């Protein structure tokens, strides 16, 4: 692997750190604002559901959000990031604007930005940096005043929660000391603004911390694990009310007298303040660290684990629960370990990741195939629809795209797309529907209908004499076409001999949202009534049904599955309904997002249904039942079938960033599947088709689980709560398991090594060894083992069911992580040392050492000369062995979170530009990155592009903190990895701008670089992730 590397996001973080409700774009429409990793996502509120409309990247992990009311009445977003930056983002004069404040660290310390709160008057903002200082900023005219702040100190205590006390210049802080489980409540007076805040009261609460509430009357309420505490602010007294609530992690103020709480077990409590304080257990759902009141009885439960939800609080319980799940959003965070398999021939990287915590935990199987990304030389944003002509003529590779209020035609050739024209096609109006049938083509625009022959000669016009129609919907079925006008008038035509023959016309009282037809029946859904009607072509109503209280239809399609004809309806609440047309029996399938377009596909004797939404959901018939698998594409705006000689059995997917062609065969391989196990999966190893996992349940018990290739459990071995299972490795037919046993006094730690025989995929314990210290790592060296025990590295030979210790090297501090490459052993220690050993000839020899790391978290050999290390400052640092020394040569600061898992892979298809080696990096918040080796000439070209792209993006108002340099105890000048997320923005630019930037790259490198060579290189890198 090369020392020159390219790093890009493989999967975005799904962990939600914070959320709030505000008016971001319009004072008439509310938005839900949430933060995921370095992305701020904006949703519109649609009755019982939320719809994604925009996202903003701030290039650093967002810890906390709040809002400030602007003079124009809109809310601005205030985002506090891990990298000590405070971003204010707002919408003004139809433009997105940003500015930032750099928050200087008070000390060189392991602190990071953590909590931000704003007072009820929106005049003061308080920020805490986890361990030490609070900073208070004033707000003037809707903007944060950087220089008017002051600092007060909370030295040595880790802050759990913080609140401004309503209508008073006081701040309440709930914190915990690292050395005790007790928490403390401190109250600070911040009225004196020319010096530090004053501590006016302090309470020692001998329980695990929870959250701060503010009941009416100006007092405080502290919810902790075994009780709640009432603090009277008039005399600073405390009353204790004992009752078990568990660890409260999420809280939401509904109104002045009610709060909703969520604990770590997913229990939801309603707290009511009246003459007496009442707490009600409402039910159980996924644990939520951020809870937002949407409207009436609806709440958003955002989680930094793998599942977030919209829930409804019911007045009356159903099956003893007052909670109804309305919408579910799945992710993969946090990731503790993963297993990587690569298939170079197919161009696929398979990942099995331990995902989620506790009851939400399980295994996520991630499979990515490689679509053909078409080079775009045009702006294809704001697309209303896309259709493939698929006429066996010179127009075989042409597609029609409806953009805003016009229509465009493009030709696809040699993985590029070019603008062109089709004589006769109506281009001056927005196209509603394109359909080829027999030897004719139907085009429905917003103002008329047109029929063409295969040479694009007009055969007939639908409304030749009548003018002024405004068509909003259309469908074609059999030899019939139906259109819906803006006045909610349904007009049906028969197509006879190349002519439109008007059938019937009907006016509806409600606004129609979808229309579709089959045989002599037409189905319609309605916006406000939330109903579906099926009528005959003569206007006779034959069926009507309610879709749900707010379940508006967004798409509609008749589909033949086996011997049954079904009517499929995609709803705004993320469900897909299908009615059996024989008996109108209704079945519902939750797909998690809105299906805005439905397409029927016939492929390999299967009828497939493709639903396009912000992600593509691939639905298919299986024994006449509707099944589905999720496809991890982002922000799909349009999709259509594309079946040509060059691209058989394929489809087109258009997003704001890419224009992709992918075959149905590859589409079925491109999926994420989550298998819920109600366990936290900590380690994963694979042996043939068998998967072994170290897992922990919600009670703290530890297990070794054995799963088959379908992730069905075949064996479970249970261990005590005092034993922490740290590592395992498989050599041949033996599994070696290492653990730490903590004594009752929690000080002395011992370890156990267990040896299991693998018999027909079952584990059979054959020996148990106690090496005298905690077992951190076990790695194979050919047929032998190296084992990290405390501060020692043991070199052992396996003798049947025993281990023979043949050598040992003792270091001065505890070993944190270890990796092996052939006979080389790399270890990282707590005292910031990186050490390389040689295990050969029954001896361990120290070859190299390096002592200027921050606390290292993971280590991975990339070759016998290159070692990758991650540390607690979010750095990835690549070390090179050169002659007698080892030194850092390049690196990258991840900003968002610490990469805790490093796994290598290799692909060699030509679509990747030849053989590529790389590393998958997984972090706790669910974001997965990929590092790919590149050649020196590629590195120089991309680094030059990165430098120019930074300048270009700064002109768009993006942060100067596009990515930060390596932060280390002892700063050395080393090369950076190429930031793939940054340079790939080049692919989204117009062709003219790409040409301009390529010219600047040529000038800087003093050699010719054209835009095509940059696009080809970036596409080859983009395809890997």
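The values are calculated or read from the model by the stated rules, or taken from the named source; none is laboratory data. Small disclaimer: the values here were computed from a predicted structure and weren't measured. All Cβ positions, even for glycine, are placed from backbone atoms using ideal geometry, and neighbour counts span all protein chains on display.
Overview of results
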| read-out | value |
| --- | --- |
| Residue within the range 316-329 that is over 21 Å from the mean Cα position of the chain (by Cα) and closer than 24 Å to residue 120 by Cβ present | no |
| Criterion (modelled with pLDDT under 90 and not assigned by TED's automatic domain parsing to the domain that holds residue 751) met by exactly one of 709, 718 | 709 |
| Residue list for the range 66-113, filter: surrounded by fewer than 21 Cβ atoms within 10 Å (Cβ to Cβ), assigned to a loop (DSSP other than H, G, I, E, B) and modelled with pLDDT under 70 | 94, 103, 104, 105, 106, 107, 108, 109, 110, 111, 112 |
| Enumeration of residues in the range 448-463 that are in a loop (DSSP other than H, G, I, E, B) and over 16 Å from residue 493 (Cβ atoms) | 454, 455, 456, 457 |
| Failed criterion for residue 880 (all others in (1) surrounded by fewer than 21 Cβ atoms within 10 Å (Cβ to Cβ); (2) modelled with pLDDT under 85; (3) over 30 Å from the mean Cα position of the chain (by Cα) hold) | (2) |
| Test: residue 635 is modelled with pLDDT of 75 or more and either under 30 Å from residue 435 (Cβ atoms) or touching a strand residue (DSSP E or B) at 6+ places or on another chain (Cβ under 7 Å) (or both) | no |
| Residue among 553, 548, 562 that is modelled with pLDDT under 85, over 22 Å from residue 512 (Cβ atoms) and not assigned by TED's automatic domain parsing to the domain that holds residue 310 | 562 |
| So residue 486, is it at pLDDT below 85 and within 29 Å of residue 528 (Cα to Cα) | no |
| Residues of the range 466-498 satisfying the condition of being free of Cβ contacts under 8 Å to residues at least 24 places away in the same chain and not in a strand (DSSP E or B) | 466, 467, 468, 469, 486, 487, 497 |
| Wholly enclosed strands (runs of 3 or more DSSP E) of the range 739-822 bearing at least 3 residues on the phi < 0 side of the Ramachandran plot and not assigned by TED's automatic domain parsing to the domain that holds residue 851 | 749-759, 762-769, 775-781, 784-789, 792-799, 802-810 |
| Candidates 862, 834, filtered to the one that is within 21 Å of residue 933 (Cα to Cα), outside the structural domain of residue 774 (by TED's automatic domain parsing) and within 36 Å of the chain's Cα centre (by Cα) | 862 |
| Helices (runs of 4 or more DSSP H) fully within the range 911-1025 counting 1 or more residues that are exposed (fewer than 14 other Cβ atoms within 10 Å of the Cβ) and modelled with pLDDT under 80 | 936-955 |
| Any hit, the range 133-156, residues being at pLDDT 85 or above, farther than 14 Å from residue 233 by Cα and assigned to a strand (DSSP E or B) | no |
| Subset of the range 865-877 that is at pLDDT below 90 and in a loop (DSSP other than H, G, I, E, B) - its residue that is nearest to residue 816 (Cα to Cα) | 872 |
| Qualifying position, being out of contact with any strand residue (DSSP E or B) (no Cβ under 8 Å at 6 or more places or on another chain), loosely packed, with under 15 Cβ neighbours inside 10 Å and farther than 30 Å from residue 324 by Cβ, among 538, 509 | 509 |
| The range 253-275 residues that are at positive phi, paired with ones that are at pLDDT 90 or above and surrounded by fewer than 19 Cβ atoms within 10 Å (Cβ to Cβ) (beta carbon under 7 Å, 6 or more apart) | 266/284 |
| Residue that is modelled with the lowest pLDDT [pool: residues in the range 34-48 that are buried (at least 24 other Cβ atoms within 10 Å of the Cβ) and on the phi < 0 side of the Ramachandran plot] | 38 |
| Residue count for the range 450-463, restricted to those that are modelled with pLDDT under 85 and out of contact with any strand residue (DSSP E or B) (no Cβ under 9 Å at 6 or more places or on another chain) | 1 |
| Filter result for residue 388 (touching a strand residue (DSSP E or B) at 6+ places or on another chain (Cβ under 8 Å) and modelled with pLDDT under 80) | no |
| Test result for residue 351, buried (at least 22 other Cβ atoms within 10 Å of the Cβ), part of a strand (DSSP E or B) and modelled with pLDDT of 70 or more | yes |
| Criterion violated by residue 492 - all others in (1) within 27 Å of residue 403 (Cβ to Cβ); (2) surrounded by 15 or more Cβ atoms within 10 Å (Cβ to Cβ) satisfied | (1) |
| The range 1-29, residues that are more than 20 Å from the chain's Cα centre (by Cα), in contact (Cβ under 8 Å) with a residue 40 or more places away in the chain and more than 23 Å from residue 891 (Cβ to Cβ) | 21, 22, 23, 24, 25, 26, 27 |
